[in-house]
Amino acid sequence: MHSFKWKAVRAAGFVVICCLLTGLLNFALQQYNIARVNVHRIGTTQYDDIFIGTSHGLSAINPEIIDQITGRKSTNICMPDEHLIDSYFLVKEACRKKKPKRIIYELDPSYWSTVQNHGSNSVYIYKEFPMSLVKLEYFWAKVKEMDIRVTLAPWFYYRNQAGNIEETVRMKLSSAYQNYEVGPLNNGLQDYTEEGYMYQITDPNGDKGSQNIVLWNQQQIQDVEKEYFRKLTELCREEEIELVVITTPVPQETLDLYRDVFEEAHRYYTELMEAYDVPYYDFNYLPLDDFDRGIRNYLDYEGHMYGESGNQFSRVLGTYLKEMYEKKR
């Protein structure tokens, strides 16, 4: 009996030590990211409009410029690798604390026909949610069947950051980190603003990368994307939140190169939004005033904009949103 108790104590002690080591490694290796400040912001600040979506929206939508035109208060929580399941739970989290009046979903068609990778990038948004029933639902919907390291030992995916432990720990102990400041997220190539706009520094001679981009394919549309768009529309109706869908413009060179694909996507999503009775603005096929669609104003052929181009597009978007609101009054 005594031997059994001693083994139980030793086993419990081993578990405690493993938990402590895992916690320390998570703290020392995981990097600061925009999800931390975004989740905090929608839970502590009241907004009229919240932009959700992908990295295209991150580089194209400047809420501060849009607010100057609409007279409303908005924020941008578009993030890299943010699929519809993530957008849906971000909206649920916002409704739990500070329900907005309108959600503007930036739809990148290629995300609908691309399987989200299971790894640290697929849960970096989930990890920043505070403990709540929404987080538990998020876990059950997306995370429970993933590799256990994703949730219990995410440091494993950041082990290549071992050489930066001292810098990472110093930053996490700083007031900037504790106060959810955006300063630590910035570098010489990009500037992340307080309301979630990633201003990319213009480099006229920058490499635009390959023209072989990830394309939308109707035959490969993922059921999970369709399911969570339906859930998003239902959530917005239940919460009496207006829902608007937009697609940001790709470079004219990309549109010319893959004209058939983009036209097919345009028809598909126009019909889908009509079926859901949701306003849809595909800016690949709408007048953009003086906005220059040339590749020189983009980082790449996929459609990520330089900062000034994003500011210019935001003025166009703000005008559309203002006119849409005024027509409803």
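The values are calculated or read from the model by the stated rules, or taken from the named source; none is laboratory data. Computed from a predicted model, the values in this text were never measured in an experiment. Here Cβ is always computed from backbone atoms with ideal geometry, including for glycine, and neighbour counts include all displayed protein chains. Calculation scope for accessible area: heavy atoms of the full protein, side chains included, ligands and nucleic acids excluded. Shrake-Rupley method; radii C 1.70, N 1.55, O 1.52, S 1.80 Å.
Data for the structure
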{"quantity": "Residue satisfying condition, being at pLDDT 95 or above, open to solvent by 10 Å² or more (accessible area, probe 1.4 Å) and among the aliphatic types (A, V, I, L, M), within set ILE17, ILE69, ILE34", "calculated": "ILE69"}
{"quantity": "Conditions (1) surrounded by fewer than 19 Cβ atoms within 10 Å (Cβ to Cβ); (2) in contact with a helix residue (DSSP H, G or I) (Cβ under 9 Å, 6 or more places away or on another chain): number failed by GLU145", "calculated": "(2)"}
{"quantity": "TYR258 under 26 Å from SER314 (Cβ atoms), modelled with pLDDT under 95 and among the aromatic types (Phe, Trp, Tyr)", "calculated": "no"}
{"quantity": "Members of segment 63-96 that are under 14 Å from the mean Cα position of the chain (by Cα), more than 16 Å from TYR126 (Cα to Cα) and not hydroxyl-bearing (Ser, Thr, Tyr)", "calculated": "ASN76"}
{"quantity": "Cβ-Cβ under 7 Å pairs, at least 6 apart or on other chains, segment 131-147 side without any contact (Cβ under 8 Å) to a residue 40 or more places away in the chain, far side open to solvent by 90 Å² or more (accessible area, probe 1.4 Å)", "calculated": "SER132/ARG96; MET146/HIS118; ASP147/HIS118"}
{"quantity": "Index of the failed condition, ARG293 passing every other in (1) under 24 Å from ALA94 (Cα atoms); (2) surrounded by 17 or more Cβ atoms within 10 Å (Cβ to Cβ); (3) among the basic types (Lys, Arg)", "calculated": "(1)"}
{"quantity": "Any hit, segment 248-257, residues being among the aliphatic types (A, V, I, L, M), more than 24 Å from ALA94 (Cα to Cα) and in a helix (DSSP H, G or I)", "calculated": "yes"}
{"quantity": "Criterion violated by PRO184 - all others in (1) open to solvent by 20 Å² or more (accessible area, probe 1.4 Å); (2) free of Cβ contacts under 8 Å to residues at least 60 places away in the same chain; (3) within 30 Å of ALA94 (Cα to Cα) satisfied", "calculated": "(2)"}
{"quantity": "Pick from segment 82-107, criterion crowded, with 22+ Cβ neighbours inside 10 Å, touching a strand residue (DSSP E or B) at 6+ places or on another chain (Cβ under 7 Å) and among the charged types (D, E, K, R), ranking: farthest from ARG259 (Cα to Cα)", "calculated": "GLU82"}
{"quantity": "Test result for GLN219, modelled with pLDDT of 95 or more, more than 30 Å from ASP292 (Cα to Cα) and over 22 Å from the mean Cα position of the chain (by Cα)", "calculated": "yes"}
{"quantity": "ALA265 of a type in the set (Gly, Ala, Ser) and either assigned to a strand (DSSP E or B) or crowded, with 19+ Cβ neighbours inside 10 Å (or both)", "calculated": "yes"}
{"quantity": "Matching residues, segment 236-261, being touching a strand residue (DSSP E or B) at 6+ places or on another chain (Cβ under 9 Å) and in contact (Cβ under 8 Å) with a residue 60 or more places away in the chain", "calculated": "CYS236, ILE241, GLU242, LEU243, VAL244, VAL245, ILE246, THR247, THR248, PRO249"}
{"quantity": "Filter result for the condition that a residue is buried (at least 19 other Cβ atoms within 10 Å of the Cβ) and assigned to a loop (DSSP other than H, G, I, E, B), over TYR320, TYR285, TYR301", "calculated": "TYR301"}
{"quantity": "Matching residues in segment 199-247 - criterion: being surrounded by 15 or more Cβ atoms within 10 Å (Cβ to Cβ) and of a type in the set (Gly, Ala, Ser)", "calculated": "GLY206"}
